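The values are calculated or read from the model by the stated rules, or taken from the named source; none is laboratory data. As the structure is a computational prediction, the values presented were derived from the model and not from experiment. Glycine gets a Cβ as well: all are built from the backbone with ideal geometry, and neighbour counts include every protein chain shown. Just the protein is used for accessible areas: all its heavy atoms, side chains included, with ligands, DNA and RNA removed. Shrake-Rupley method; radii C 1.70, N 1.55, O 1.52, S 1.80 Å.
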Amino acid sequence: LIRNKIKFKDILKQVQDLNNRNNFLNKNVTILTERIKQYDKKEFEDLKANGTVISTVLRNYNGLFKGKKAIIGNYDNFIANETRKMLMLFGVSVDIVTSGNDIYDMIKNGKKYDIIFTNNIYQYGLDGSKLLQKLKSLENFNTPVVIHTVTHNQRDFFIKELGFDEYIEKPIRYEDIERVLKKIFV
């Protein structure tokens, strides 16, 4: 009994510590969010222009596109997960794969998505443009495909020449995801 009481006290202490940490984190997120709101528009734009990144933790879930499904193809786990987090803030459920071949196989085998985000270049298999060609050759394929690339200032090339529905440059930005989703779903 004494050992069980000690274990129970230890567990209770751990639970209390976790609650205190969560309260601390929630309080600090609220404080930081309020500080961000205090910036005037010009200061905020200057921060963005200088490459200052505001964590997605500080953004509020808005659920604008709840019920929509996306697939992200990217061999870089960090970028894929950042994109996933931002999409989830809009209520989009997300699958992640590591190659164009994976995207193609999933679509060909009947998996349905409302939007596809693909990398331009993969470490193996189909690159973004070949993936798009193969997807468009599938019967009844009409899912919007967004190229997500490190290739800068090539919007016209990817959209007008290659036929992607949208173009997003890396590093991923919340505003880009918001623009694309609104264009495609609204």
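List of remarks:
- Distance between the modelled labels on residue 88 and residue 69, one decimal in nanometres: 1.8 nm (7 Å Cα→Cβ projection).
- Viscosity 0.890 mPa s, temperature 25 °C, Stokes-Einstein D of the range 78-186 from Kirkwood C-alpha radius, µm²/s: 174 µm²/s
- Each Lys and Arg Cβ is given +1 and each Asp and Glu Cβ -1; about its Cα centre, the range 122-186 then shows a dipole of about 40 debye.
- Take every Cα pair under 8 Å whose residues are at least 6 apart in sequence, average their separation, divide by the length of the range 105-154, and the relative contact order is 45 percent.
- Ratio of the Cα radius of gyration of the range 62-124 to 2.2 N^0.38 Å, where N counts its residues: 1.08
- For the range 62-186: relative contact order, % (alpha-carbon pairs under 8 angstrom, 6 or more apart): 22 percent
- Chymotrypsin sites (Phe, Trp or Tyr not before Pro) within the range 67-121: DSSP coil, no more than 16 neighbouring Cβ in 10 Å: 75
- Per residue, the range 51-186 exposes 53 Å² of solvent-accessible protein surface, assessed with a 1.4 angstrom probe and all protein chains in place.
- Here the label points at residue 112 and residue 159, each 7 Å from Cα along the C-beta direction, are separated by 2.8 nm in the simple model.
- Shown here for the range 130-186: GluC sites (Glu not before Pro) in loop regions (DSSP other than H, G, I, E, B) with at most 12 other Cβ atoms within 10 Å, namely 139.
- Over 26 Å (Cα to Cα) - which of 66/160; 112/134; 68/136; 112/182 fall in this group: 66/160
- Heavy-atom accessible surface of residue 114, to the nearest 10 Å², is about 50 Å², with a 1.4 Å probe and all protein chains retained.
- Ellipsoid equivalent to the range 144-186 - semi-axes via the Cα gyration tensor, in Å: 16, 14, 7
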